[in-house]
Amino acid sequence: MINYIGEQAWAGQLGHGLAIISFVSAMLAVVAYVFGTQQRDASWTALGRLAFRLHSVAVIGIVVVLFTMLFKHWFQYDYVWKHSNLQMPMKYIASCFWEGQEGSFLLWTFWHVVLGNILILNWKGRSTWEAPVMTVFALVQLFLALMLLGIYVGDVRIGSSPFLLIREMSENIGKPWTLIPAYLQAIPQFADGRGLNPLLQNYWMVIHPPTLFLGFAATLVPFAYAIAGLWTGERKAWMAPALSWTFFGIMVLGTGILMGGAWAYEALSFGGFWAWDPVENASLVPWLTLVGAGHLMLVNKRKETSLFTTLLLTLITFILVLYSTFLTRSGVLGDTSVHSFTGDGMLPGLLLFMLFFIALSVAVLLADKGQRRFYWGISLALLAIGVLLEQQVPAILTFAALSIGFLVVAYRKSFSTNDPEEALWSREFWMFIGSLVLLLSAAQITFSTSVPVFNMLLEPFGEFFGWLGKSTGSSFLSGLADAKLAPPSEAIAHYNKWQLPFAFITAMLVAFTQYLRWKSSDMAKFRREIMLSVIVSLIITVGVSLLLRYTLAELNYIALLFAATFAAVANGAYIFKVLKGKLKNAGPSVAHVGFALVLLGALISTGRKEEVSRNSKGMDLRFLNEGFSNNTDILLYRGDTVQMGEFYVYYREKDQEGVNLNFRMEYFRTEARDYRAGDTVRVGDMLFRARQDHRAGELFLADQPTHWEPLEDFRRRDLWYAREWSNTRPGEPLFELAPFVQLNPRFGNVAEPSTKHWLHRDLYTHIRYADLSTEVDSSNAGWMPDRLSEKTLGDTLVTPNSVVIIDSVYVVRDSVTVAMLGDRFTVYAAKLRIRDLYQADRWFEARPMVIYSDGVPVANRPAEVQPLRMRYGLATVEGDLNTRGDLKLGLNVAEAEFLVMQALAFPGINILWIGCVLLALGTGMAVWQRVRNTKSDKA
Amino acid sequence: MKRSHIIAIVIIAVAIGALVGSLYDSSTYADLQEAMAHPNKEYHVVGVLDRSEEIVYEPSLNASLTTFTMVDLKGNRSRVHLSMAKPQDFERSERLVLIGKATADGAFHAHNMLMKCPSKYNEEHSIEG
């Protein structure tokens, strides 16, 4: 036993201990609550409650221990070392906490504990719901506690613990340094951690994950109620208490997702707020089904016809949360997502977690006890086949087929009714349709995001699909045989194409369904009430279409524009016309307006996103491959003012603030250019002189006959220095933007955008490429790093815009130099003849110098050629000055400092953010109203 | 036929359509050899940056063109023209996924690239001693 010096091993042991307690107490809670449910015995339920409270204490204890470790900077712990360091501001400790797999699991578990305890407090020990609902909670907690234990079952590790010392990591066990008692002092790496990824050092990272995970946790409440209801035979009654929680989940999860979008937009250089990345999709899909489930619960309060669908959507929502966890944390996404976690051996545990709750959901839907046992039996047998015989894929596919089969059995046996169908023009019918549309939309996103999973499932059937492909001649089928499917190449276009029709239908339903009555509607009244909204929306749609220049080819955009406008207008009108402005009941309408505005904002800002930096005058594009003329980025030299879109942009300077390197740009209004009589301009290879004072028009050709006289006689030299004709010039300064690059040698540098916000649109700019040297050495300020090449007499050197010919090299011996430097120094100069690469007869000369002392270069003076924005320097001179081949010159070439920037304009993006706020606000109002109604019902 | 049956049929049809659509729109992972054998067909190619070859990025000529050499997982190599600005820390990248197509001239033209850096999310310790 080695006595390690300075180690805080007790914290890890405490954490481990608490993790074990949380696992055991969750298990105890499951058992006690199961008995409490089955035997309707209050003492079992009380024991379950006690166990769950113990579990809660343990989970909170784990959170406290992990936070303490992070606060105290105990870098001997792997989690602390990996996710934090000393320089990091304390406010980001929270981000460190949930940056890693283990911490974010812990966050999720923590929210379950909070919600579970709120439920227990509300029941006050008097509800029959407690035992079955909390059984489900405890089961979920059992799996999550297992994920934090990090134990080995055979060779397979299940979960991973955040309490491992670095010397206890499996890759370090047995290494010699782990035997040094003072290893913490001896090995410098332990003095500081690796730090938090700079991408995540952002206030959004402090609030986005907790919100998102609270949303995920909230989906457990309706799930647990649904399971409890089916288990205890209360097939409908579970919805009443679950309803408010469902809408609470819709609000919080929706807010969490949109916060992620806001984070991406504000702090990441993804070029937008939504990129259909698998990780984003994985959080959106459960929200869609949760919205469907919530609306179906409302339908079911009136009529039972859609009970099965309600249950299905409620159950599937939580399963999709588990599936999204599986996708993003097991490593299956691998190469398809930029920001998923790497697997780290989590796959088997996560897979079992999800499959168990699928099995549980199907089992409780089966009313027949014998069928239930049969289903569980076969599922267990398949598990054994999967694990013991290592036939995982066939076992999973058989399980999937079995589950679908039993779902059909359950539906036919206990849910299919011969009740008359609901009326076509009833609110419940269209709400039902809307929920199905949401389910389909969720299914489409899930399919496309699951492409890597399909590969895993297809792999064992390679031969089969190969044969099928050969015999049918379908290249599509033989493609499946290779199991090498990749996500769509144009992911954003793919999802937009598929989701736009779903969004259209959903928005139309959101618009008119509230105007229908339950059961059946008076259609004349319906038409009367909605007509004004239709007309107003049509007018707005036409107006906006003209404003945004939608063409008929973009009919799909116009259709969505109309549907979203209609939804916003109709729901806004509903508040005043039907609810008479009573805000108490306006929650749903406000939320619907918010949803419609989110769609509208997304449609306008992405559909009419403008690449402002595109097609600006860069250098010469003539020499480039045809396919690469799509220059979407602008090149800016320091000190230059260049026209970009409707602005002139001036790159003023760069400066360093802490780890951030700011690139300061000034923007100017574009003004019409005035010319005075006698001004000379260049157009092509011609020079023109202004006949009189005038303001430049659109086209030179139109101006020329009246305002410009061509010059007959000029030297070519005049051509090079003449200004090009332009009809605009920079006007008054408007604003400054400073996109920056966060310097982080460990994680890589991160470019962060800077955005100018107006009411009607945003200008979003970010650095694509820049010189990141921080200018401690001021001699290089304003220039890119030198590029050194070795040349000899008569050689040529081609740079991006010039051709350099080494004409001669000589020793400078003029009397001034010799008098100043004395004879210890030798000054060499090179005579360079430089040709503009793009203008064959435009020549320059440069004479850079280098000073040698005792055979060592000690100083040099480069020569600048301003018209080319180039600087030529002489680094070394060796050999005989007059012999080609023997003379070796080190020639430095640098371009003036520049950066490459992308600028995007997002019109109408504020509509999106207003929509987000209204969506959250309205849902919150609706939840509040429901909770109050439930309370007054009870009283 | 009841209305619910019609709805069920429509739902199933759209669902199958979406599934097939997802598969149909999906691209294919391939190595460079396969991509070269089918010019002008879109592929996802996984590989690493060849650090021994020059990475050419001349923003003053074209700010959205980076040219480099990639080695795929089978060791095939090809010159790649990526129509993007050179990403920050490109030299440090650990793994590249290029999305694009081969052309008849034997180069791979990528319009997009996913890049994994060694320490973005997870890194093993390298404490030796």
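The values are calculated or read from the model by the stated rules, or taken from the named source; none is laboratory data. Because the structure is predicted, anything quoted here is derived from the model rather than measured. Counting neighbours? That spans all protein chains shown, and the Cβs are built from the backbone with ideal geometry, glycine included. Surface areas here come from the heavy atoms of the whole protein model, side chains and all, with no ligands, DNA or RNA. Shrake-Rupley method; radii C 1.70, N 1.55, O 1.52, S 1.80 Å.
What whole-number distance in Å separates the alpha-carbon centres of the range A:253-286 and the range A:492-515?
19 Å
With point charges of +1 on the Cβ of Lys and Arg and -1 on the Cβ of Asp and Glu, referenced to the Cα centre of the protein assembly as shown, which listed residue (A:PRO867, A:LEU366, A:TYR265) lies farthest in the positive direction of the dipole?
A:LEU366
Got a sec? Charge dipole of the range A:785-895, +1 on Cβ for Lys and Arg, -1 for Asp and Glu; which of A:TYR810, A:ILE851, A:ASN892 is way out at the positive end?
Towards the positive end, the residue furthest out is A:ASN892.
Along the principal axes of its C-alpha atoms, what lengths does chain A span, in descending order and rounded to whole Å?
Answer, in whole Å and largest first: 111, 86, 65 Å.
What FRET efficiency comes out for A:LEU424 versus A:ALA493 if R0 is 51 angstrom and r is the Cβ-Cβ distance? Round to the nearest 0.05.
Working: r = 36 Å, r/R0 = 0.71.
According to the calculation, E is roughly 0.90.
Can you tell me which of B:SER60, B:SER26, B:SER83 moves the most in a GNM of chain B? Springs connect C-alpha atoms under 10 Å apart.
Top of the fluctuation ranking is B:SER60.
Roughly to the nearest percent, how much of the accessible area of chain A is carbon and sulfur, given a 1.4 Å probe?
Working: 25020 of 41180 Å².
Carbon and sulfur atoms account for 61 percent of the accessible area of chain A.
For A:LYS369 and A:TRP467, what does the FRET efficiency come to when R0 = 35 Å and r is the distance between their Cβ atoms, rounded to the nearest 0.05?
Working: r = 43 Å, r/R0 = 1.23.
For R0 = 35 Å, the calculated efficiency reads 0.20.
Probe of 1.4 angstrom, ligands and nucleic acids ignored: what's the accessible area per residue over the range A:1-196, in square angstrom?
Values: 8020 Å² over 196 residues.
That works out to 41 Å² per residue.
What is the Cα centroid distance between the range A:358-400 and the range A:210-226, reported in whole angstrom?
Between the Cα centre of the range A:358-400 and that of the range A:210-226, the gap is 25 Å.
Placing unit charges on C-beta atoms (Lys and Arg positive, Asp and Glu negative, everything else neutral), compute the dipole magnitude of the range A:1-196 about its Cα centre in debye, rounded to 20.
It comes to approximately 460 debye.
Can you pull out the trypsin sites (Lys or Arg not before Pro) in the range B:22-100 that DSSP calls coil and that have at most 16 other Cβ atoms within 10 Å? If you can, show how the numbers build up before the last one.
Details: sites: B:LYS41, B:ARG51, B:LYS74, B:ARG77, B:ARG79, B:ARG92, B:ARG95; in loops: B:LYS41, B:ARG51, B:LYS74.
Those that pass, being in a loop and sparsely packed, are B:LYS41, B:ARG51, B:LYS74.
Carbon and sulfur: what percent of chain B's accessible surface (1.4 Å probe)?
The value for chain B is 58 percent carbon and sulfur by accessible area.
Hey, with R₀ at 56 Å, roughly what FRET efficiency would A:LYS935 and A:GLU554 work out to, going by the Cβ-Cβ distance, to 0.05? Kindly include the intermediate steps, with their values, before the conclusion.
Numbers: r = 50 Å, r/R0 = 0.89.
Using R0 = 56 Å, I get an efficiency of 0.65.
Tell me, what is the percent relative contact order of the range A:79-232, built from C-alpha pairs under 8 Å that lie six or more residues apart?
Taking the mean separation of contacting Cα pairs over the length of the range A:79-232, I get 42 percent.
Place +1 on the Cβ of every Lys and Arg and -1 on the Cβ of every Asp and Glu in chain A, take the dipole about the Cα centre, and give the residue among A:TRP518, A:GLY386, A:LEU743 whose Cα lies farthest towards its positive end.
Farthest towards the positive pole: A:TRP518.
Suppose every K and R has +1 on its Cβ and every D and E has -1 on its Cβ; what is the size of the dipole of the protein assembly as shown about the Cα centre, in Debye to the nearest 20?
Numbers: 93 positive and 93 negative charges, 974 e Å.
In debye, rounded to 20, the protein assembly as shown gives about 4680.
What are the semi-axes of the equivalent ellipsoid of the range A:245-289, taken as the square roots of 5 times the eigenvalues of the Cα gyration tensor, listed largest first and rounded to whole Å?
Details: eigenvalues 91, 27, 6 Å².
So the three semi-axes of the range A:245-289 are 21, 12, 5 Å.
Using a 1.4 Å probe on protein heavy atoms only, how many Å² of accessible area do B and A hide from each other, summed over both chains and rounded to 100?
On the way: alone 9100 and 44210 Å², together 47010 Å².
Summing both sides, the interface buries roughly 6300 Å².
Leaving out ligands and nucleic acids, note down the accessible area per residue over the range A:630-770 with a 1.4 angstrom probe, in whole Å².
For the range A:630-770, the solvent-accessible area averages 51 Å² per residue.
Between helix A:347-365 and chain A, what is the angle of the helix's C-alpha long axis to the longest principal axis, kept within 0 to 90° and rounded to the nearest 10?
Between the helix axis and the principal axis of chain A, the angle is about 40 degrees.
If Rh is defined by the Kirkwood formula over all Cα pairs and Rg also comes from Cα, what ratio Rg/Rh do you get for the range A:355-461? If you can, show how the numbers build up before the last one.
Working: Rg = 17.6 Å, Rh = 16.4 Å.
Rg/Rh for the range A:355-461 comes to 1.07.
Out of the range A:41-85, which chymotrypsin sites (Phe, Trp or Tyr not before Pro) are coil in DSSP terms and have no more than 14 other C-beta atoms within 10 Å?
Working: sites: A:TRP44, A:PHE52, A:PHE67, A:PHE71, A:TRP74, A:PHE75, A:TYR77, A:TYR79, A:TRP81; in loops: A:TRP74, A:PHE75.
For chymotrypsin sites (Phe, Trp or Tyr not before Pro) across the range A:41-85 that sit outside H, G, I, E and B with at most 14 neighbouring Cβ atoms in 10 Å, the list is empty.
Given an 8 Å cut-off on Cα distances and at least 6 residues of separation, report the relative contact order of chain A as a percent. Walk me through the numbers before you get to the answer.
Details: 1607 pairs, mean separation 86.5, N = 939.
Computed over chain A, the figure is 9 percent.
For the range B:28-116, report the accessible area per residue in Å² (1.4 Å probe, heavy atoms, rounded to an integer).
Details: 3560 Å² over 89 residues.
Value returned for the range B:28-116: 40 Å² of accessible area per residue.
Work out which residues of the range B:73-96 lose at minimum 20 square angstrom of accessible surface when the other protein chains are put back, relative to the chain isolated, with a 1.4 angstrom probe, and list them by number.
SASA drop of 20 Å² or more in the range B:73-96: B:SER83, B:ALA85, B:LYS86, B:GLN88, B:ASP89, B:ARG92, B:ARG95.
I'd like the accessible area for A:SER520, computed on protein heavy atoms only with a 1.4 Å probe and all protein chains in place. Round to 10 Å², please.
For A:SER520, the solvent-accessible surface is approximately 70 Å².
What is the magnitude of the charge dipole of the range B:28-116 about its Cα centre, with +1 placed on the Cβ of each Lys and Arg, -1 on the Cβ of each Asp and Glu, and no other charges, expressed in debye to the nearest 20? The partial results should precede the final answer.
Details: 10 positive and 12 negative charges, 31 e Å.
Here the range B:28-116 has a charge dipole of around 160 debye.
To test your reading of the geometry: what angle, between 0 and 90 degrees and rounded to tens, separates the Cα axis of helix A:369-388 from the longest principal axis of chain A?
Around 40 degrees separate the two axes.
Taking the Cα centroid of the range A:890-939 and of the range A:702-759, what is the distance between the two, rounded to the nearest whole Å?
When both Cα centres are located, 32 Å separates them.
Would you work out the Kirkwood radius for the range A:1-196? I mean one over the mean of 1/r across all pairs of different Cα atoms, in Å.
On the way: mean 1/r = 0.0555 Å⁻¹.
Kirkwood hydrodynamic radius for the range A:1-196: 18.0 Å.
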